[in-house]
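Report on one structure; see the data block that follows.
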Amino acid sequence: MLTGLSLTPLPRLLLHSTLRPPPPAPCVFIDDSRTQIRRFVLAADRRRVSPCQGPRTASNSLCPTTENRKLKTAPQILEKCRTPLQIGSRLLTDRFLLAPLAGYTHLAFRVILRRLGGLGLATTDLVQATMLWSGHGRSRELVATTPEDRPLSVQIFSGRTDDLIRAAVWLQEQGYEGVDINMGCPMAKVNGSGGGARLMCSTDNAVRMVEQLIAAVRLPVTVKMRLGWDATTLTAPELAAAFEQIGVAAVTIHGRTRAQGFHGSVNRDGIRQVVQAVRTMPVIANGDVRTVDDALQMLQDTGCAGVAIGRGAMLDPWIFRRIRQRVYAESEAADGADTDPSPDEQMQFLEQHFELMQQQHAERSCVLFRKFAAWYGCTLGIPEDLEDRLRRFESAAEFARIVNEIRRRHGERARRVPTALLKVPNGPVEHW
Ligand SMILES: Cc1cc2nc3c(=O)[nH]c(=O)nc-3n(C[C@H](O)[C@H](O)[C@H](O)COP(=O)(O)O)c2cc1C
């Protein structure tokens with residue numbers, strides 16, 4: 001049952017998008033910066049390609065690091081998972097975090113994952129700092145939140161220190177609890193203005209920037225970055241060590257370079273080197289985690305403090321709950337606690353996610369929800385013709401009819417934990 005999205009605002013907390021339609025956007029930097037992702041999604045929609053279809057290639061697959069089987073996890077790893085994680089002033093009960101995914105990790109998706117359980121901290125999509133403090137474009141919609149949507153960090157990006165500071169101060173004044181600086185985005189539009197992964201090229205500049213930001217706000221400041229710009233400039237360990245010195249609360253490392261884009265597989269040795277470069281600052285490892293085994297193995301291989309999961313959460317929204325079940329089941333020597341959601345629960349999930357979207361986006365929710373159809377197809381065992389309809393539906397009434405049909409035909413398509421093709425921006429990274 002949908003318990004309803006509470007729209008009771010915390011004092012000073014933003015719910016603009018739930019209360020009024022977004023203003024016309026004269027400057028939609030965020031959207032521009034995602035052109036390639038949008039183009040890609042649109043192309044996939046046109047081709048009616050599911051992330052679950054087609055041959056796996058090095059460039060578009062989420063390389064499986066472990067098969068979907070239960071590995072024996074070292075007792076000290078499980079013990080670590082049962083220990084809360086301190087990030088700045090925040091104590092997280094779970095060490096498994098939602099990585100930001102522009103276009104997906106909106107309020108509705110964050111809330112629905114939280115309801116399933118096991119999610120330690122979520123971060124918003126990246127938001128351009130100037131847009132945020134000046135209130136332009138859809139930036140305020142991207143950071144819309146509710147009391148249920150906690151703990152939350154807002155991710156901002158810019159190549160300019162003053163913009164980052166103004167955005168962070170604005171967030172603090174509105175009652176947000178954490179700010180994350182994007183130093184990993186590979187998109188040309190973001191890098192061209194000195195932001196995202198470009199910041200990793202000039203370490204002194206990046207450290208100065210973050211130091212000034214930390215001095216300007218009381219909020220815990222975290223940084224999400226890649227291993228470096230390319231294989232010859234792996235600056236993440238050096239940056240992480242410097243960030244620890246100036247008081248950064250945690251860093252998240254996507255174990256690829258900017259030059260790699262989403263190609264190849266995640267370099268766990270590279271992440272481990274970042275872990276080894278710091279003393280106590282938590283390092284959150286990220287990349288290619290799509291099963292419980294992947295997540296626990298990441299902890300074991302890298303020594304990281306926590307794991308951020310992005311695409312794996314869209315392919316299997318129950319992944320955080322599964323991890324929690326495994327972590328606590330093994331402590332009691334219980335087996336098989338990594339339970340699959342029942343068909344009813346799966347349908348409820350679909351309905352609730354769409355309803356949450358409607359509460360925030362009204363008529364735009366159909367368009368926004370369609371993007372999820374292909375990701376949910378395998379996990380929810382949605383027959384392919386219905387998945388196709390979900391990718392094109394135009395109204396809430398049509399959505400309800402499709403879900404009823406899925407319910408009736410549930411089980412027709414074998415449900416599986418996806419070893420799916422995961423569509424990401426492709427082609428030479430210079431052209432993104
Ligand atoms: C569609 C898409 C959008 C993304 N948007 C963001 C973003 O807004 N901010 C960010 O720091 N990383 C972003 N990323 C990178 C992810 O957070 C993550 O680092 C990367 O996908 C690897 O993790 P995963 O394999 O768990 O997805 C995005 C990735 C994808 C595929």
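Some observations on this one:
Here is a yes/no grid of residues against (1) surrounded by 19 or more Cβ atoms within 10 Å (Cβ to Cβ); (2) over 18 Å from Leu98 (Cβ atoms):
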position: Gly137; (1), (2): yes, yes
position: Ala144; (1), (2): yes, no
position: Glu148; (1), (2): no, no
position: Ser153; (1), (2): yes, no
position: Arg160; (1), (2): no, yes
position: Leu164; (1), (2): yes, yes
position: Val179; (1), (2): yes, no
position: Ala188; (1), (2): no, yes
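- Elements of type helices (runs of 4 or more DSSP H) contained in the stretch 256-352, each with 1 or more residues being buried (at least 23 other Cβ atoms within 10 Å of the Cβ) and either hydroxyl-bearing (Ser, Thr, Tyr) or outside the structural domain of Val221 (by TED's automatic domain parsing) (or both): 292-302
- Identity of the residue in the stretch 130-140, small (Gly, Ala, Ser) and more than 13 Å from the ligand (Cβ to nearest atom), that ends up farthest from the chain's Cα centre (by Cα): Ser134
- Only residues that are assigned to a helix (DSSP H, G or I) and within 23 Å of Thr235 (Cβ to Cβ) were counted in the stretch 205-222, giving 11.
For every residue, the table says whether it meets (1) within 16 Å of the ligand (Cβ to nearest atom); (2) in contact with a Cys (Cβ under 9 Å, 6 or more places away or on another chain).
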{"site": "Ile156", "(1), (2)": "yes, no"}
{"site": "Glu173", "(1), (2)": "no, no"}
{"site": "Met183", "(1), (2)": "yes, no"}
{"site": "Pro186", "(1), (2)": "yes, no"}
{"site": "Asn191", "(1), (2)": "yes, yes"}
{"site": "Val207", "(1), (2)": "no, no"}
{"site": "His254", "(1), (2)": "yes, no"}
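- Any pair with Cβ under 7 angstrom, 6 or more apart, that starts in the stretch 358-384 at a residue that is under 19 Å from Arg409 (Cβ atoms) and touching a residue at least 60 places away in the same chain (Cβ under 8 Å) and ends at one that is assigned to a helix (DSSP H, G or I) and not aliphatic (A, V, I, L, M): Ala374/Glu387; Gly377/Glu387
- When the residues of the stretch 362-411 are filtered to those that are of a type in the set (Phe, Trp, Tyr) and modelled with pLDDT under 95, the one that is surrounded by the fewest Cβ atoms within 10 Å (Cβ to Cβ) is Phe372.
The values are calculated or read from the model by the stated rules, or taken from the named source; none is laboratory data. Please read all numbers here as calculations on a predicted model, not as lab measurements. When we count neighbours, we look across all protein chains shown, and the Cβ atoms used for this are built from the backbone with ideal geometry, even at glycine.
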